[in-house]
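> Just passing along the structure, written as C-alpha cells.
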Amino acid sequence: MNNIIIIAPLLTSLVALGTLWNVSRQRIISNRPDIHFKPKDIIIKFDEKDKLPYVESKNDDSLESAIFNIGLGTAKNIKAKWVIDEKNFDKLKEFDDKDEYIFEKISGGDRMFYSIKKIRSNEEAMVRLSYTHDFDFILPYKTNEEPEEFLEPSASIRYIYGIYSELLFNRLEEGQDLDLEEDFNCRLEISYQDISGKKYNDIFKMKLEYKHLGSHGANAYYQLVKI
C-alpha cells in the first residue's frame, strides 16, 4: 500500500508531462510554415539571330514562380538566395566543342560575375553567380486565394539553360547519343522563421525536364525540388 502511495504522484507527474509535451508539439505544428513552389512550363529560344539563347515562360516573358506557404503557420523574414556553381560554366565549355561562346569570370567588388559572349553575333550578357530576394512574410495558403508573392530566377540560370539547350541540340543533330537529364548545380537557399522566431532552412535544386527539343528551341518545364 505504501508503495502505491509513493508511485501514484510519480505516475501523475508523468501523465502531466506527457500532456504538456503533446500540447507543445501541437503548438509547434500549428505554427510551422512550409515553403513550396509549383512547376512551370517554359520555352527556350535559341534560333533567334543575334540573340543569346534564353529561357522564358510559356505564357509571357516573365519566369516568375509563385511562392506558396502550405504550412499552418505564417512564414516571416524570408530570405531567398539563388546560388550558381561556377562548375556549370565548365560544363558549358565542355559542350561548346565548336567554341561558339566565350565565358569569362569577372570580379566586381564582393560580387562575382560571368561574362557570356556569343562570338557569331557579338552579343554579351553579364550574369551574377548569386541573387537574393527578401520577403517580409507569407501567410498560409488557402485554395481559394491567389498567391501574393513571386520569385524570379536569376538571369544566370536563364542563360545557362538556354545555352545548354542549344549546344545539346547541336550535338543531337550530329548524331551523338546524349542523356537529356541535365545536372547543373543551380539551387535556391531559403531561410525563414515562424511566428515564435524558430528558424528554418530549406534548399531547392532547380530541375529541368524537356518535353520537346528542336531546331527552333525547346519546350520544357522546370521545378524546384527540395533536397
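> Carbon-plus-sulfur fraction of the accessible area of the stretch 116-213, 1.4 Å probe, in percent?
Numbers: 2340 of 5390 Å².
The C+S portion of the solvent-accessible surface of the stretch 116-213 is 43 percent.
> I would also like to ask the following. At 1.4 Å probe radius, can you tell me the per residue accessible area of the stretch 67-199 in Å²?
Per residue, the stretch 67-199 has an accessible area of 55 Å².
> List the residues, sorted by chain then number, that are 5 or more residues from F150 or on another chain and whose placed amide H is less than 5 Å from its amide H.
Under 5 Å from the amide H of F150 lie the amide H atoms of I67, each far enough along the sequence or on another chain.
> Once both labels are modelled 7 Å past Cα along the beta-carbon direction, what's the E56-A125 spacing in nm?
Simple spin-label model gives 1.2 nm for this pair.
> Here's something else I'd like to know. I70 label point, 7 Å along Cα→Cβ, cut-off 20 Å on backbone N: hits in the stretch 98-142?
Within reach of a label on I70, which here means backbone N under 20 Å from a point 7 Å along Cα→Cβ, the stretch 98-142 contributes 138-142.
> Could you derive backbone 3J(HN,Hα) for the stretch 160-171 from the dihedral phi with the Karplus parameters 6.51, -1.76 and 1.60 (θ = phi - 60°), listing whole Hz in sequence and x where the residue is Gly or Pro?
Running phi through 6.51 cos²θ - 1.76 cosθ + 1.60 with θ = phi - 60° gives 4, 6, x, 5, 4, 5, 5, 5, 5, 4, 4, 5 Hz.
> Ok, one more. Count the net charge of all other residues whose Cβ sits under 12 Å from the Cβ of K226, scoring Lys and Arg as +1 and Asp and Glu as -1.
With Lys, Arg at +1 and Asp, Glu at -1, the net is 0.
The values are calculated or read from the model by the stated rules, or taken from the named source; none is laboratory data. None of these values were measured; they are calculated from a predicted model. So basically every Cβ, Gly included, is an ideal-geometry build from the backbone, and we count neighbours across all protein chains shown. The area values use the complete protein model at the heavy-atom level, side chains included, leaving out ligands, DNA and RNA. Shrake-Rupley method; radii C 1.70, N 1.55, O 1.52, S 1.80 Å.
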